[in-house]
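To start, the structure itself, in structure tokens.
The values are calculated or read from the model by the stated rules, or taken from the named source; none is laboratory data. Predicted model, so just to flag it, every value in this text is computed and none were measured. Backbone-built Cβ (ideal geometry, glycine too); neighbour counts: all protein chains shown.
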Amino acid sequence: MKANGRARGAGGTFGQRTGLVALLLFALAIRLTALFMPHNENDEVIYATLADKVSLHPLDYTLRGTSLAEHFPKATYDQPLFLRPPLFVYLLALFRFADRAAGILLPILCGVATIWATYAYGRRRQGESQALTAAALAACCPMLLFSSVRLLPDVLLALLVVLALLCLERAAEGNERRWFVASGLAFGLALLTKETAALVLLAVAVVALRAGLPRRQPGSLVLFAAVAALVAGPWFLYFHHQTGVFVRGTGVTEENIRRFPFVALVVSRPWHFYFTQTLALAPVYVLGFVAMMRRLRQRRELTEVVWVLSYLVALTVVGLCGQGYQTRYILPAVPGLCLLTAEWFQSPRWLPWLVGLFLAAYGFLAGIMNSLPAQPPELSPLHLVLTG
């Protein structure tokens, strides 16, 4: 299927390319409305505050000395370093350098770039038509839209995860070192965005095994790992030196649950939250889960299946361990889910198309209603689903 996918995607009609450009411009235009929205959710304020601090003092990557440290749990936020890797904050500071309002351009551009990367990956794996369908599904995804109009790092993480897999696919085909370097660089930058980037390593392993890299070119995997370690390793070593641990969780305690109702909410969600929440927000993805079951049953082309399940299952386990559930955490799995869902739209019959289009439109409406208004309709059931 991979070879056939390359053959189908080799050409690409002018109309399809024009459709992609129009899709990206449409996605950008919608997201630009975020320039006129307030960005005062707790996590957005935290990242904006950190960006302001490192703009003045590049090594001052901590909430200590700010009013926020007095209001949030000290065990988590009153630390010598902020608990998350710093790439998003430093990029945010760069975007906010001339105008603080321009910071929102970072997630906006990352969101549009993620749609393009979904297309580019799908074109290499599945052909032009299916890739364009996957990109359209990504453009309609309420989770991607919501995250790309907020000052949150998840959409940057999603982009870097797709780029790491895209470059690895390219490297596996041609055995070109530069693409292994590019893949390792993207993965290292993903680790510098959020530690959950490591979950994509299962999909990386599937790509490597499918291409026979451990047997045919083991040095290529060493090169991938070495580049990623050189990029991300210094941060984790520095973090360990400052805090005594390599990774720090959010430190959910009984006191936090009592003081912060939102913490109590995200901890008490059901174990199946990520699966059911995904379908509640974007029911079109039920078609992706159907494709996933089909691939598992036929034991074929498991890269996207492993990609999606590695996030859904692993983060479900993390939630069961008391760290809570938030929908945006699974955003790196959304491009893979779009690629799986796009298989449904390859049917020549009109009825499957109509069903899929209706479900995708519902999710897009949910995204528009709950992501773009300055004051979302809090009584809307879609708003309650999206925000928990």
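Per-residue answers, yes or no, for (1) buried (at least 17 other Cβ atoms within 10 Å of the Cβ); (2) at pLDDT below 90:
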| residue | (1), (2) |
| --- | --- |
| 12 | no, yes |
| 54 | yes, no |
| 58 | no, no |
| 114 | yes, no |
In region 306-331, the residues that are more than 24 Å from residue 367 (Cβ to Cβ) and among the small types (Gly, Ala, Ser): 310, 314, 322
Count, please, the residues in region 53-89 that happen to be within 23 Å of residue 232 (Cα to Cα), touching a Leu at 6+ places or on another chain (Cβ under 7 Å) and assigned to a helix (DSSP H, G or I). 5
Show the residue pairs meeting these rules: Cβ distance below 8 Å; 6+ apart or different chains; first residue within region 137-164 and more than 17 Å from residue 95 (Cβ to Cβ); second residue of a type in the set (D, E, K, R). 143/328; 145/31; 146/328
Do we have residue 182 as surrounded by fewer than 24 Cβ atoms within 10 Å (Cβ to Cβ), closer than 18 Å to residue 113 by Cα and of a type in the set (Gly, Ala, Ser) here? yes
So residue 284 passes all but one of these: (1) within 23 Å of residue 367 (Cα to Cα); (2) in contact with a Lys or Arg (Cβ under 9 Å, 6 or more places away or on another chain). Which condition number does it fail? (2)
Unique residue being touching a Gly at 6+ places or on another chain (Cβ under 9 Å), surrounded by 20 or more Cβ atoms within 10 Å (Cβ to Cβ), part of a helix (DSSP H, G or I) and among the aliphatic types (A, V, I, L, M) when the list is 106, 50, 92: 92
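Going through 336, 367 one at a time, which residue ends up being closer than 23 Å to residue 135 by Cβ, at pLDDT 95 or above, in a helix (DSSP H, G or I) and of a type in the set (Gly, Ala, Ser)? Explain how you work it out, then say what you get.
Values: 367 fails: at pLDDT 95 or above.
Testing whether each residue is closer than 23 Å to residue 135 by Cβ, at pLDDT 95 or above, in a helix (DSSP H, G or I) and of a type in the set (Gly, Ala, Ser) leaves just 336.
When only residues in region 28-44 that are assigned to a helix (DSSP H, G or I) and over 20 Å from the mean Cα position of the chain (by Cα) count, which is surrounded by the most Cβ atoms within 10 Å (Cβ to Cβ)? Reasoning before the result, please.
Applying the first criterion (assigned to a helix (DSSP H, G or I)) to region 28-44 yields 28-36, 42-44.
Imposing the further condition that a residue be over 20 Å from the mean Cα position of the chain (by Cα) reduces the set to 29, 33, 35-36.
Working: 29: 10, 33: 15, 35: 12, 36: 10.
The residue in question is 33.
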Only one of (1) part of a helix (DSSP H, G or I); (2) surrounded by 18 or more Cβ atoms within 10 Å (Cβ to Cβ); (3) hydroxyl-bearing (Ser, Thr, Tyr) does not apply to residue 238, and that is (2)
Of everything in region 60-82 that's at pLDDT 90 or above and among the aliphatic types (A, V, I, L, M), which residue is surrounded by the most Cβ atoms within 10 Å (Cβ to Cβ)? 63
